[in-house]
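Below is one structure; the comments refer to it alone.
The values are calculated or read from the model by the stated rules, or taken from the named source; none is laboratory data. Nothing here was measured: the structure is a model prediction, and the numbers come from that model. Because the Cβ atoms are built from the backbone with ideal geometry, glycine has one as well, and the counts that use them run over all protein chains shown. Ligands, DNA and RNA are excluded from the accessible area calculation, which covers all protein heavy atoms including side chains. Shrake-Rupley method; radii C 1.70, N 1.55, O 1.52, S 1.80 Å.
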Amino acid sequence: MLPQMSGNTSLVPGPDYSLTLHVLESKNVSPPQGSSSTVWLVLFFLVISLSMVVNTVYVATLVCRRNLTLTHLILCFFFLINLVDYGLLVFEFSLGPSNQYPYSGGSCSFYQFLLQGSPLLSSGTLLLLVYQAYCSSSCPPHSSPFLKLSILLITMAILSIPSILYSRLAVYPSTARYCVMDLSSLASWAGMDTGRQHAVNAIFFLIYKSVLTYWLPLALVIFPILRMVKMVNTMADNQLTINLTFAVTISFLVFNLPLATIVLVRQLITTLSIPVSSTTTWIIHVLHSLFLLISFFFHIFRPLVCLVLDQDNLPNLCRRKYRRVEKLGEETDQV
C-alpha cells in the first residue's frame, strides 16, 4: 500500500492501477512493506465493518416504513454500490502485496469494468438523487422509479465500455502478471511518441477517476441544491426528501473532495511529464490511499445523517420488533 522511497520513481499509473495499491514494475520501485499493508488492511476493515452495521440498521428501518419514496430507494442503492466497492477491496487485498493477477483475461475485463464503473455509478446515483428531489419539489413525478434506476444503470454501463475494450493481462519477463488498462493503441493511432503513451492512460484515469466522478457532478448539482436550500425545513418538504438530499449531497462532496483533488493532481503531473522527486511521489501515493479511506467515511455518515433527520423510522423498527415479541408471547401462552 505504501510505496518505498527508493530512486526516482514516477507517478505513471502502475500496471495494476487499482483502488488502493499502485505498484510500478521497475527496478526503481521496491514492493510495499508488509507492515504498511497490514495497517491499511486494518483501517479499511474497521471502516467497512462500521459501515456495514450502520447501513444494515438504516435499511432495516426502511423495511418497517410503509410510505417509501424514491429517495429512500436511492439511498439503499448507495449501499449496494458500497458493497461492490468492499468486494473489490477484499479481492485486491487477496492478491497480496505484489497485486499480481493470476486469473484469466475475461475476468480481468470484468474486474476493470467494476473498478471503473463503480465510482461512475456512485456519482450517477447522486445526480439521480438530487434531480429527482428537485423535480418532485416543483411537480409530481410521472415516470417509474425503477425506470429511472434502469436508465442510470444503462448509462453507466455504456460509459464503462472502454474499461472492457482496453483492459488486458500484462505479462513481464519476470513472469509477473497484472490486470491493466492499456490505451497505447489510441496513442499510436494519434501518432504520439512511445515515451508519451503513458499520458493517454493518465488522461483516461483523470476523466474516469476525477472529472466524471466528482467535478462534473459538482457542477451539475450546484444549481438544484441552491434552489432547494430555500425549501429545507418547510411544509414543501413534509417527507424530508429535500432535507435528506441536501445532507447526503453535501457529505458526498465533502468526503470525496480530497480524493478527487489528489487524483487530479497526480494525473496532471503524469500528463504534463512534470518531474517529481521520489519523496514527493511517495507522499502522493500515501495521500491517495489516505484520501480513499476518508471517502469511505461517506458510507458511514450517509446512513447516520439519514437516521438523525428521519427519526420516524426508528420507532417503526422498535414497534415492529415489539409486535413480534408480543405475538410470540401470545403463541407461547396458548400452548
- Counting only protein heavy atoms, what percent of the accessible surface of the stretch 80-124 is carbon or sulfur at a 1.4 Å probe? 75 percent
- Query: In a shell of Cβ-Cβ distance under 12 Å around T125, excluding T125 itself, what net charge do Lys and Arg (+1) and Asp and Glu (-1) give?
  - Reply: +2
- Message: For a protection proxy built on the mean count of beta-carbon atoms within 10 angstrom, sort 82-92, 290-300 highest first, please.
- Response: 290-300, 82-92
- Query: When you count, for each residue, the other Cβ atoms within 10 Å and take the mean per peptide, how do 216-226, 199-209 rank with the highest first?
  - Reply: 199-209, 216-226
- What does the accessible area per residue of the stretch 35-140 come to in Å², with a 1.4 Å probe and no ligands, DNA or RNA counted? 41 Å²
- Protein-only accessible surface order, largest first, of R227, R177, R266 at 1.4 Å: R227, R177, R266
- Note on the structure: In whole percents, the bins of 10 Å from zero upward hold the Cα-Cα pairs of the stretch 227-309 as 16, 33, 23, 16, 10, 2
- Query: Measuring from the lowest to the highest alpha carbon on each principal axis, how far does the stretch 87-149 reach, largest first, in angstroms?
  - Reply: 53, 21, 13
